[in-house]
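Q: Dropping the structure in here first, questions after.
Every read-out reported here was derived from the displayed coordinates using simple, explicitly stated rules and does not represent laboratory data. Remember, it's a predicted structure, so these values are computed and weren't measured experimentally. Every residue, glycine as well, gets a Cβ built from its backbone with ideal geometry; the counts of neighbours run over all protein chains shown.
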């Protein structure tokens with residue numbers, strides 16, 4: 001009689017089946033869906049809709065109703081603020097002790113520089129460039145009167161100016177006056193100056209000041225200016241074009 005009991009698989013068979021199971025590829029995991037994306041997109045769209053709606057309401061309802069009084073009427077000319085006026089009346093004294101005003105220079109161009117005779121380097125440099133530029137212009141330069149206005153009238157009297165201006169150009173006019181007169185002239189030309197140093201009761205001080213050369217027209221109106229550092233050639237070239 002035959003034995004019907006199932007035979008046990010041998011070890012080789014078991015190992016083969018296990019290796020088949022191990023070699024079976026796993027199903028790749030599905031990527032997780034970002035549940036936040038739809039909500040962020042909807043928030044962005046809603047925000048853009050709100051901004052657009054606000055702009056439309058502002059332009060068509062709020063602005064015309066509440067800001068109409070601030071708008072210029074149709075056809076009206078809108079005035080803009082121009083450059084500040086430079087130049088004006090002054091009453092000073094020249095190096096010969098004679099009273100001088102802006103009226104004495106009418107009909108002539110003026111090159112005006114504010115400085116002081118004790119200035120160590122900036123003033124002499126600027127005045128030298130001015131003088132050289134006038135000489136380069138030749139006969140054209142005769143149309144221009146160079147003017148040096150002191151910002152230190154307490155030390156720069158007429159005699160001090162007479163000696164000083166002679167070093168730079170034979171036609172250079174030196175002007176001084178009282179402290180109030182000098183301040184008024186500097187204010188008219190928007191020229192800055194202030195005392196600096198150890199004291200105010202003696203000569204131990206210097207002057208902080210702007211270093212600008214102003215070109216004024218024959219009518220007394222401002223034409224242009226030259227900053228510190230412009231050399232004589234550049235100044236002469238520009239002056240030649242403007243004369």
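Q: Residues that are in contact with a helix residue (DSSP H, G or I) (Cβ under 7 Å, 6 or more places away or on another chain) and touching a residue at least 24 places away in the same chain (Cβ under 8 Å): does region 200-210 have at least one?
A: No, there is no match, as no residue in region 200-210 is in contact with a helix residue (DSSP H, G or I) (Cβ under 7 Å, 6 or more places away or on another chain) and touching a residue at least 24 places away in the same chain (Cβ under 8 Å).
Q: While we're here: Go through region 134-243 and tell me which strands (runs of 3 or more DSSP E), entirely inside it, have 3 or more residues that are more than 16 Å from residue 102 (Cβ to Cβ).
A: Result: 193-197, 205-209, 222-227.
Q: Among the residues of region 151-174, is any buried (at least 16 other Cβ atoms within 10 Å of the Cβ) and within 31 Å of the chain's Cα centre (by Cα)?
A: Yes: region 151-174 contains one or more residues that are buried (at least 16 other Cβ atoms within 10 Å of the Cβ) and within 31 Å of the chain's Cα centre (by Cα).
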